[in-house]
Amino acid sequence: MNRPVRRALRRDPRLLVRLAAWSVAETAPALVVGLAVARAIDDGFAAGRPGTGFAWLAVLAAAWLVGAAGARQVVLAVAAIVEPFREDLLGHVVESALDRASAAGHGPGSAAVARSNLQVELARDAFASVITVVRSFAFTVVSVVLGLGALVPEVLVLVLPPFAAGVGLFLLSLPAMARRQREFLLADERTAGSLAAAVGALRDVTACAAEDRVAASVGARVAEQAAAGRSLARVTALRTLSLAVGGRLPVLLILAGTPWLLSRGAGAGVVLGALAYVTQSLAPALGNLVQGLGISGVRLRVSLDRILRPDVPPGPASPALPAAAERPTLSPEGHAPSPGPVAPPYGPAAGRVAARNVRAELRGVVFAYGPHAEPVISGLDLSIPEGDHLAVVGPSGIGKSTLGALLAGVLRPGAGRVEVGGVPADRLDPACRVLIPQEAYVFRGTLWDNLTYLAPASREEVDAAAREVGLTALAERLGGYDAEVSSGALSPAERQLVALTRAHLSPARLVILDEATCHLDPAAEARAEGAFARRGGTLVVIAHRLTSATRARRILVMDGTSVRLGGHSELLAASPLYADLVGHWNPATPQEPVL
Ligand SMILES: Nc1ncnc2c1ncn2[C@@H]1O[C@H](COP(=O)(O)OP(=O)(O)OP(=O)(O)O)[C@@H](O)[C@H]1O
């Protein structure tokens, strides 16, 4: 890790000489401040010679001007050392990215290079800061020692021992501080990474009812970071102690030793001058060193670690989300599944209950989309026995999707209860039911991963489901189950076929199709619905076309906040709304009414 730093410092010794020369100029005030104050008082103002006093103050002002000019040149000299260091690191980043890309057989990932670039910038800034504070500390200490020696050498006995003790204390605490600072930085990165992963996977997390698990995992990261912060704060107390001992104790000792200094011939101005050296130069230099090395030094180390060893993870891998590779899926060709979104929980997730059957019971259900909104569903009673095939029809916006979401436990009723197999729907094990919305969900990954996302399956089972639902031709056209698919690369109808086959393969005994076939042509829709009707379990179809209703065993007509349940002929006679919907429909024509 130190190699780039050493290389940068050894590259051109003339740069170091230049830096040292300008550092001398920069620390001119540190050399002069105490002497000028002492002489201005003792030889000038206190001796009744204000001209001499002002002359010494003018010397101090001149020293500040020289210091300012020196500080400007120091910045340029530090940049001259640091910029080649940055280029060196950038060259390394680009070379490593190209090496990795050629080994992997694809172009270099621009995101990875951009990340490394950021680390390079951090390392450059930290390196500049470390050079600046360490150099400034060294030159200031030498200047102060020379100044105090010229002023009153005895005072060095009062200043140097506590100062050395403070520096020693800081150096002793430095390894522990660096370690804890590093742990804190890494914990911070892990929390950020974990949160970013959770936010990016929110849709998957919700779809898999993994909120509790993800919250627990992110919470663990936050707790870890808080512990690292506390641990850092404890060791930071040592830093404060070293500053107190090295920067403040000398002031007390000078004040306490004033009678002794006066007895040795020093004037009041000399005592004030010694105090000026300590308070204006020595203590700030120690403070800067403690602050600069404690933070920039650690940052430099961490950044260089990242740049030079990019494959080393920043700590234990974030378990915020279960990895897709943990899914118990079998690739048709025995390949490892490609990384996809978060895996759904197999077996009831925490707080979820598996039901023995999927008989759905709705009792006195009221639901509104807001505390002051009109209820979309009001006082609904409905029983859906196991094995039922129910079609839900009604005008647009009447609440069909809301009913589907209540059954799936995605929404909770404001009043009344929705139970599946005796379990409140929102607490039901997600494996027991599946809801396919109109906008089918396909994630970037292989077709196989997309199909086996809800449950592991054998090649035969996937083939059979694809045949039943009508996916086989699409799978062949895509190039088989190992073909990479993504949402944007498939048409809405193709996405629906993938989602339908996935649901068909799931263990769910309650299937809710919420206009899940709306993009399919009528023949494909009939085939897909038929596949689910034959599959067993309960099928609830929120119908897009009236033909879906004619295929169902029972039909629920939603009309305002009232509902009517029955068979096709029964409803034709009993429900004006249903008769009206059917009245617009002539089965002989290909134009079917869309609900
Ligand atoms: N998230 C929401 N926030 C507020 N109002 C909503 C929300 N979702 C739906 N609604 C409103 O609730 C009512 C019922 O909507 P829902 O989607 O359940 O009807 P639908 O019968 O399924 O309609 P469509 O056939 O057009 O899909 C509508 O008036 C709709 O505007």
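The values are calculated or read from the model by the stated rules, or taken from the named source; none is laboratory data. Not measured: the values here are computed from a predicted model. Glycine also receives a Cβ, built like all others from the backbone with ideal geometry; neighbour counts cover every protein chain displayed.
When you look at LEU35, is it surrounded by 14 or more Cβ atoms within 10 Å (Cβ to Cβ) and at pLDDT below 95, yes or no? It is true that LEU35 is surrounded by 14 or more Cβ atoms within 10 Å (Cβ to Cβ) and at pLDDT below 95. Just so you know, in region 545-560 the residues that are among the charged types (D, E, K, R) and within 16 Å of the ligand (Cβ to nearest atom) include one that is surrounded by the fewest Cβ atoms within 10 Å (Cβ to Cβ), and it is ASP559. Applying a threshold of 8 Å to beta carbon distances and a minimum spacing of six or more residues, or different chains, the list of pairs starting in region 154-180 at a residue that is in the same structural domain as VAL142 (by TED's automatic domain parsing) and ending at one that is outside any helix (DSSP H, G or I) and charged (D, E, K, R) reads GLU154/ARG264. Taking the conditions exactly as written (under 39 Å from the mean Cα position of the chain (by Cα), under 24 Å from THR402 (Cα atoms) and modelled with pLDDT under 95), does ALA549 satisfy them or not? For ALA549, the condition - under 39 Å from the mean Cα position of the chain (by Cα), under 24 Å from THR402 (Cα atoms) and modelled with pLDDT under 95 - is not met. Among the conditions (1) away from the ligand (no atom under 16 Å from the Cβ); (2) out of contact with any strand residue (DSSP E or B) (no Cβ under 8 Å at 6 or more places or on another chain); (3) in a loop (DSSP other than H, G, I, E, B), ASP482 misses just one, which is (2). Only one of the listed residues (LEU490, LEU497) is modelled with pLDDT of 95 or more, within 34 Å of the chain's Cα centre (by Cα) and more than 16 Å from the ligand (Cβ to nearest atom). That residue is LEU497. Looking only at residues of region 139-153 that are touching a residue at least 24 places away in the same chain (Cβ under 8 Å) and among the small types (Gly, Ala, Ser), we find that the one that is surrounded by the fewest Cβ atoms within 10 Å (Cβ to Cβ) is ALA150.
Could you figure out which of (1) surrounded by fewer than 16 Cβ atoms within 10 Å (Cβ to Cβ); (2) touching a helix residue (DSSP H, G or I) at 6+ places or on another chain (Cβ under 9 Å) isn't true of SER173? Here SER173 meets the rest and fails (1). The residues of region 435-462 that are acidic (Asp, Glu) and either surrounded by fewer than 22 Cβ atoms within 10 Å (Cβ to Cβ) or closer than 23 Å to ARG534 by Cα (or both), listed by number, are GLU439, GLU460, GLU461.
Tallying residues that are more than 37 Å from the chain's Cα centre (by Cα) and buried (at least 23 other Cβ atoms within 10 Å of the Cβ) within region 401-423 yields 0. Candidates are the residues of region 463-486 that are surrounded by 15 or more Cβ atoms within 10 Å (Cβ to Cβ) and in contact (Cβ under 8 Å) with a residue 40 or more places away in the chain; the one that is nearest to the chain's Cα centre (by Cα) is VAL485. The residue list VAL563, VAL540, VAL511 contains one member that is closer than 29 Å to CYS432 by Cα, modelled with pLDDT of 90 or more and within 14 Å of the ligand (Cβ to nearest atom), which is VAL540. Meeting the requirement of 2 or more residues that are touching a residue at least 24 places away in the same chain (Cβ under 8 Å) and either closer than 26 Å to LEU380 by Cα or in contact with a helix residue (DSSP H, G or I) (Cβ under 8 Å, 6 or more places away or on another chain) (or both), the helices (runs of 4 or more DSSP H) wholly within region 518-587 are 522-535, 546-551, 576-583.
Do the conditions hold for LEU31, that is, is it within 25 Å of VAL271 (Cα to Cα) and free of Cβ contacts under 8 Å to residues at least 40 places away in the same chain? For LEU31, the condition - within 25 Å of VAL271 (Cα to Cα) and free of Cβ contacts under 8 Å to residues at least 40 places away in the same chain - is not met. For LEU195, the criteria (1) modelled with pLDDT of 85 or more; (2) crowded, with 18+ Cβ neighbours inside 10 Å hold in every case but one, which is (2).
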